[in-house]
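*Asks:* Can you read through this structure? Questions will come right after.
The values are calculated or read from the model by the stated rules, or taken from the named source; none is laboratory data. The structure displayed is predicted, hence computed values, not measured ones. The protein model used for the area step is the full one, side chains on, heavy atoms only, and it has no ligands, DNA or RNA in it. Shrake-Rupley method; radii C 1.70, N 1.55, O 1.52, S 1.80 Å.
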Amino acid sequence: MSTPWNGADALAVVVGAGDADPGETGAAAELDRGITLLREAAAGTRGPVLRLYRPSPTVAFGQRDARLPGFPDAADAAAAHGYAPLVRRAGGRAAAYHRGCLVVDHIEPAPDGVAGTRARFAAFGDFFAGVLGDVGLDAHVGEVPGEYCPGEFSVHGRRGGVPAVKLVGTAQRVVAGAWLFSSVVVVQDAGPLRAVLTDVYAALGLAWDPSTAGAAEDLAAGVTVDDVERALLASYVAVVRLAAGP
């Protein structure tokens, strides 16, 4: 069985906090858990993992955002909306997510994770576009002009054949011995995300088009996070073996 991203043929599935330490809750613990899994994979103490969770309200800033003079005000703006302001170790500009989203962390040991970086972006972009197609969306890979946290391999939804809203943002972190590919699928309740991103990007002094921030349900009425999770797992089962994680 081959995978589009040239990875392992079997993955342990971890849902939610997984085997995080008792008491580890909230946005920071959720983000840190992915990095911990990555380090364990690199150390050889954990095999390939597929982790799925519905995140706490978070604005994940990029490293470049944290160096801007408006960052303290942007962090305050995020907190005022009830979103934890965090600086992530992978990815570009600020992105917001909440319980109406699905975060997918795919982690694998690899002797040379850097070599396949661009190929993974392309492969996972196509993969997630296919998942959203399975729940009724016209989804494709490519940046929507004016989108938040812009990226060549963003997955967008179309209206009338025209790219309209960003639906999936992807990021990678590679360390010696392993890679982490993290994707955020925005499924429901995009309004609060637009609101917090509007204030955050204004504070950072970054231009963007708020109309590009949407959710899957905006383009396919009635789609839920459960629907997307089921479609995602079905797509994984078509190319890899899945087993329950710890």
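*Asks:* Taking θ = phi - 60°, what integer Hz values does the Karplus form 6.51 cos²θ - 1.76 cosθ + 1.60 yield along the range 138-155, in sequence order, with x for Gly and Pro?
*Replies:* Those phi angles translate into 8, 10, 8, 8, x, 6, 8, x, x, 5, 6, 6, x, x, 4, 10, 4, 9 Hz.
*Asks:* Round to a whole number: what % of the accessible area of the chain belongs to carbon and sulfur, probe 1.4 Å?
*Replies:* That share works out to 54 percent.
*Asks:* Another question about this same structure. Checking the a/c ratio against 1.5 first, then a/b against b/c, what shape does the Cα gyration tensor give for the chain?
*Replies:* oblate
*Asks:* Classify the range 17-156 as rounded, prolate or oblate from the Cα gyration tensor: take a ≥ b ≥ c as the square roots of its eigenvalues, call it rounded if a/c is under 1.5, otherwise prolate when a/b beats b/c and oblate if not.
*Replies:* It is rounded, given that a/c, with a ≥ b ≥ c, falls under 1.5.
*Asks:* In whole Hz and in residue order, list the ³J(HN,Hα) couplings for the range 224-231 that follow from phi through the Karplus curve 6.51 cos²θ - 1.76 cosθ + 1.60, θ = phi - 60°; x for Gly and Pro.
*Replies:* Listing the rounded values in order: 10, 4, 4, 4, 5, 4, 4, 5 Hz.
*Asks:* In square angstrom, what is the accessible area per residue of the range 1-136 with a 1.4 angstrom probe?
*Replies:* 43
*Asks:* So what is the 222 nm mean residue ellipticity for the chain from helices alone, if each DSSP H run of at least 4 adds -39500 (n - 2.57) and you divide by all residues, rounding to the nearest 500 deg cm²/dmol?
*Replies:* Result for the chain: -10000 deg cm²/dmol, rounded to the nearest 500.
*Asks:* Separate question: Quick one: length gained pulling Asp226 to Arg241 fully straight, 0.36 nm per residue minus the C-alpha distance?
*Replies:* 3.3 nm
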